[in-house]
1. Among the numbered criteria (1) at pLDDT 95 or above; (2) part of a loop (DSSP other than H, G, I, E, B), which single criterion is violated by GLY23?
2. Applying the selection to region 46-72, what residues are closer than 21 Å to ASP19 by Cβ, surrounded by fewer than 17 Cβ atoms within 10 Å (Cβ to Cβ) and touching a residue at least 40 places away in the same chain (Cβ under 8 Å)?
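The values are calculated or read from the model by the stated rules, or taken from the named source; none is laboratory data. Because the structure is predicted, anything quoted here is derived from the model rather than measured. Don't worry about glycine lacking a Cβ; one is built from the backbone with ideal geometry, like all the others, and counts go over all protein chains shown.
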Amino acid sequence: MRITVDAEVDAAYVQIADDVQDGEAVEQVVVDRPGRGDVVLDFDAAGHLLGVEVVGATGLLRGSVLAAADRI
């Protein structure tokens, strides 16, 4: 598992599966957190969870998680 953060767009990604390829996520389920951001679950064609995108990361994730994440 790897967590990356892009501070310019205030987004983070928790990659659960190893080696996720471009286009491998074929289904996204959006969880709206009104006034805070969105959480997007990425699934592959077999229904396996690949990762979680957090839009509005500073409002949804603890500072310690963001501090430990890799910067992109």
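1. All conditions pass for GLY23, except number (1).
2. ASP70, ARG71, ILE72
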